[in-house]
1. Simple spin-label model, 7 Å along Cα-to-Cβ: Glu436 to Leu451 in nm?
2. Applying 1/(1 + (r/R0)^6) with R0 = 41 Å to the Cβ-Cβ distance of Leu427 and Ala40, what FRET efficiency is obtained, to the nearest 0.05?
3. Counting other C-beta atoms within 10 Å, which of His130, His277 has the fewest, and how do the rest follow?
4. What size of dipole, in debye to the nearest 20, comes out for the chain about its Cα centre when the only charges are +1 on Lys and Arg C-beta atoms and -1 on Asp and Glu C-beta atoms?
5. Taking amide H positions as placed in the peptide plane 1.01 Å from N, state which residues far from Arg271 in sequence (5 or more) or on other chains have amide H under 5 Å from it.
6. Step through the residues of region 513-526 one at a time and calculate ³J(HN,Hα) from phi using the Karplus curve (6.51 cos²θ - 1.76 cosθ + 1.60, θ = phi - 60°), rounding each to whole Hz and writing x for Gly and Pro.
7. 5 Å is the cut-off here: which amide hydrogens, built 1.01 Å from N in the peptide plane, fall below it relative to Tyr499, excluding neighbours closer than 5 in sequence?
8. Name the residues of region 409-427 whose amide N is less than 14 Å from a point 7 angstrom out from the Cα of Arg123 along the C-beta direction?
Amino acid sequence: MTQGPANLIIHNAKILSMDDAQPRAEALAIRQNRIVTIGANDDILKLAGVATRLVDARGATVLPGFNEAHMHIFSGSVGLTELSLFGVQGFETFARTVRAYAASKPDLALLVAQQADYSILGRDGPVTRHHLDRVLPDRPFLMYAPDHHTAWANTAALKAAGILEGRDVGVGNEIVMGADGLASGELKEANAISPVARLSQTGGRESLGVVTGRDPDSVTSEERQTDIAVIRKGLDYCASLGITSIQNMDGNLYQLEMLEEIERDGGLPVRIRVPFHMKNFMALTEIEEKAASWRARFNGDRLRSDFVKMFADGVAESGTAFYMEDYADEPGWRGEPLFTQDHLNEIVTEADRLGLQVAVHAIGDGAVHMILNGYQAASEANGRRDSRHRVEHIETALPTDFQRFAELGVVASMQPTHPPGSAGLPLEPYLSRIGEGRWPHAFAWRRLADLGVKIVFATDWPVSPLDPMHCIQCAMTRETWKEGLPDQRLSLMETLAAYTRTSAWVEFMEDRKGVLKPGYLADIVVLNGDVEAVPFDQFATLRPIMTICDGRITYEA
């Protein structure tokens, strides 16, 4: 690092460094893209020169930049321009909101809405195309549940997509059929949703990283530049929320090469990590041919591809999550895993052999159990190593499996915005679906942490609102569903660590980011208040006034 005055000094701050050696400070200095020193105001201000920018934090909290450990940048970026139905309840409000949006977008071939609760029209029965036809009879319309594992389409959309009469969409996916022999409008999982999604302005390109893990068949130069512009807006949105790192949970080469172009063109405002998405129809050889080769090609501090992502099941609300015992409200149905145990073991063992981290989506306790079996099989085949393999979500787990997380060194990647009752989510149908017997073993953050399991937090955007302060508020204000259930909340410092230090550790970058200390990358968020003085239920009122990534100001209020 060159000597000389600091480029930027933050002072009069309440710095929570996340560094055990020096957890608190008043000021820090940045030179180029690194933190030079951290300490008392008077000492740090001596490093100021004529051109040094001084940032007076006015007693507010300064933290390592937030690291969103589980999200979907392309689909989230597209969703910024689509209709949000967050908080909308009841047919009349729903109809009024959708019709107003439709009137404002007369040229769209497909109208898309996000964040539609499963109970948006009440609990009298599932949403059907007939409900949607009453609102929009002659324009294709598609709306997503918050989890993006279920969507609903009107008749015009089903016809345009060629699926009104149904279609085989593979294991774990379903075009729900009505008594009349035609599609009801409910579409479960990506294979069922994608025929309709392809009618959109982006042709569904934003969802390919989830649906197929493949690249678009053909993209014009104009379409590609449109997609890049959309992603740029999403990355800037991340920076505006104090986020300096994101770990994407879907991937293809198309996304990686667009991000590479953004980095070449002026620099990514947020560090991003993109996986190779392994699907159940792919050959095992693709892990070495693609995942390992992407790791070699995309290996910088701002853009990297160094892990394998998989889905083991779906979600509870739609009945696509996989449980060891029946759904409480649907006797005889446990869901279907997307991989057999042998196939899962084979994939995880091969990725582990190549030194690749694995992250697997698992909602049901049956899916979580299968993944732990897979990680155990890899360890037995290849020998124990510092793999930092992850399970994503872990909404429920078998009582006997919690200890296995600790024994196998598996990371729990969880979302404080996902428990029903948090982030505006209704309690039903989730609680009835899983049944009261599973409630004590659901979203068990405290239980895992007490066993020594590493936990990282995120939102799964666009499944939940991306704002880290809102997410932290949800983590700290979570209520139990019934008296006598354990309080699963972590402490404030544990929660902040799960969004900063531990999230850097899980991506093997704890030697350069996630804490504020000399020599580390200058990834910093300055808030407008003191996070330790604000009541938990008001955390979302705290806003970033400055985000710094790689020593560069990427957002300033």
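Bear in mind these aren't lab numbers, they're just calculated from the coordinates by the rules spelled out. Everything numeric here is computed off the predicted structure, so don't read it as measured data. Cβ placement follows ideal geometry from the backbone for every residue including glycine, while neighbour counts extend to all protein chains displayed.
1. Each label point lies 7 Å from its Cα, and together they span 2.5 nm.
2. On the way: r = 49 Å, r/R0 = 1.19.
Computed FRET efficiency for Leu427 and Ala40: 0.25.
3. Details: His130 12, His277 24.
Taking fewest neighbouring Cβ atoms as first place, the list is His130, His277.
4. Numbers: 54 positive and 75 negative charges, 281 e Å.
Computed charge dipole of the chain: roughly 1340 debye.
5. Long-range HN contacts for Arg271: Ser245, Ile246.
6. 8, x, 9, 9, 7, x, x, 7, 4, 7, 10, 9, 10, 10
7. Residues meeting the amide H criterion: Phe457.
8. Flagged as within label range: 420-421, 426-427.
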